[in-house]
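**Q** Encoded as structure tokens, here's the structure I'll be asking about.
Every number here is computed from the coordinates shown, using simple stated rules; none is lab data. These figures come from a predicted structure and were not determined experimentally.
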């Protein structure tokens, strides 16, 4: 069953709720908002162009750069 109800009607109902139920409703709305935002973010970054092999290679490159930088920093401290 579905009921057609306007925003103003919902708002009027919410205003009649006890404080604890308003808090509970707020938390549920926040969860839904976060889930929607997370889904949008994941969709924005979704790609079929990256393989695990490509990611592994990039990780190794960055690790090597960090290692080289720390090596140089340690040599300059001596």
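**Q** Divide, for the chain, the radius of gyration over alpha carbons by 2.2 N^0.38 Å, where N is the residue count. Don't skip to the answer; put the middle values down first.
**A** Numbers: Rg = 25.6 Å, N = 78, 2.2 N^0.38 = 11.5 Å.
Normalised Cα radius of gyration, the chain: 2.23.
**Q** Can you tell me the orientation of helix 19-45 relative to the chain, as the angle in degrees between its alpha-carbon axis and the longest Cα principal axis, to the nearest 10?
**A** Between helix and principal axis, roughly 40 degrees.
**Q** Given the DSSP H assignment, sum -39500 (n - 2.57) over each helix run of at least 4 residues in the chain and divide by its residue total; what's the result at 222 nm in deg cm²/dmol, nearest 500? Write down the numbers at each step before the final one.
**A** Working: 3 runs with 63 residues, N = 78.
Only helices count here, giving -28000 deg cm²/dmol.
**Q** Roughly speaking, what is the stretch gain from residue 55 to residue 11, that is 0.36 nm per residue apart minus the C-alpha to C-alpha distance, in nm to one decimal?
**A** On the way: separation 44, 0.36 × 44 = 15.84 nm, distance 4.81 nm.
Length gained, residue 55 through residue 11: 11.0 nm.
**Q** For region 1-46, just the Cα atoms, rotate onto the principal axes and tell me the three extents in Å, largest first.
**A** For region 1-46, the Cα spread along each principal axis is 42, 26, 19 Å.
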